[in-house]
1. How much of the DSSP beta bridge set in the chain is antiparallel, as a percent to the nearest 5?
2. With θ taken as phi - 60° and the coefficients 6.51, -1.76 and 1.60, list the Karplus ³J(HN,Hα) couplings across the range 239-246 in order, rounded to whole Hz; mark glycine and proline as x.
3. Excluding G68 itself, calculate the net charge of residues whose Cβ lies under 15 Å from the Cβ of G68, where each Lys or Arg counts +1 and each Asp or Glu counts -1.
4. Using only the Cα atoms, work out Rg/Rh for the range 201-282, with Rh taken as the Kirkwood radius, to two decimals.
5. Hey, can you grab everything whose amide H is under 5 Å from the amide H of H260? Only 5+ residues off in sequence or another chain; H modelled, so Pro and N-termini drop out.
6. Suppose all protein chains stay in the model; what accessible area per residue would a 1.4 Å probe give for the chain, in Å²?
7. To the nearest 500 deg cm²/dmol, what mean residue ellipticity at 222 nm is calculated for the chain from DSSP H runs of n ≥ 4 alone, each contributing -39,500 (n - 2.57), summed and divided by the residues?
8. Whenever you get a sec, compute what percent of the accessible area on the chain sits on carbon and sulfur atoms (1.4 Å probe).
Amino acid sequence: MKKKISITYKLFACILFFSATKTMAQTGFFTPTPAQPLHIDAGKDNGSAPDATKISNDVVITSEGQVGFGLLNPVTKVDLRSSSDQGIIGLGNNTQSPSAAGGGAIRYNNSGFLEYSDGEQWIALPLTAPTKALVNASKGSVQSIPSATSTVITDWTETVDLGAGIGGDFDPSTGIFKAPRDGFYLVSFNITLANGNIPKNTFIETAIESSQSTDNIPVFKTINSYPAFQAGAVSNYISGNCNAIFNLKKDDTIKFSIRHNIGSARNTLNDNRLNNLSISEL
């Protein structure tokens, strides 16, 4: 009888040991299912299947000592990049010497700028504005434009692209521009079709189109029409131009197209002085 009791106690002790080990590995406050070694659900709202909004009030510490605020898998020592729009750090001012604060410390100066310590002095962070997007491009190659079909103009040659490398740029092969940040963009577009017969009652439509429809005019168009001629047939170049200002969000796009109803395909003129575009971030 005593032997059976001893075995029971040993089994119970083992269960307690493994339970304690599991508890030590993952500690959760206000959550029964901690996602990291330390997990605090400050809002007490995660439940069994928390979404990004519920996780936005959580704090975690990983086994590597990385701290996450509003996300469960931080990848830096301090990571605030959650779905919440409150992922900011508030810095205050202090009277510490730069040597006491140490190199790499950052503080707010009440004059309205940030300073960092190099270990010997407080240095003001530069206030230079980010490089604004600016694109200039021309087209000297021939592109066939079918009748009665809106055609995006492609295969441009860039002369300037200050947006490249800062999150937005112009792709000359597709003729599509991507906005590097939220803001207003001034856009201009000119195109000329090769010399040929111009039937009566025809037109050329020039368009600049953005992908953004909220608080923005998504498409600007102009039409040059040829309603009638005294002569039976007229042969000449036809051209169009369009200007626009767009209110874009980051990664919104702009493209350039033309449409005509001449009745047959017409090539773009192979003269880059008459086919050009420009995009300027205001």
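1. Values: 68 of 73 bridges.
If I count the DSSP bridges inside the chain, around 95 percent turn out antiparallel.
2. Couplings: 9, x, 8, 8, 10, 7, 10, 10 Hz.
3. Values: positive: K54, K77, R81; negative: D41, D58, E64, D79.
The answer is -1.
4. With Rg and the Kirkwood Rh in hand, the quotient comes to 1.05.
5. Placed amide hydrogens put A148, T149, E205 under 5 Å from H260.
6. On the way: 16610 Å² over 282 residues.
Here the residues of the chain average 59 Å² of exposed surface.
7. Numbers: 3 runs with 32 residues, N = 282.
Mean residue ellipticity, 222 nm, calculated: -3500 deg cm²/dmol.
8. Details: 9420 of 16610 Å².
Roughly 57 percent, rounded to a whole number.
The values are calculated or read from the model by the stated rules, or taken from the named source; none is laboratory data. Everything numeric in this text was worked out from a predicted model, so none of it was measured. As a convention, Cβ positions derive from the backbone with ideal geometry for all residues, glycine included, and neighbour counts pool all protein chains shown. When the accessible area is computed, the model is the full protein with side chains, heavy atoms only, and any ligands, DNA or RNA have been set aside. Shrake-Rupley method; radii C 1.70, N 1.55, O 1.52, S 1.80 Å.
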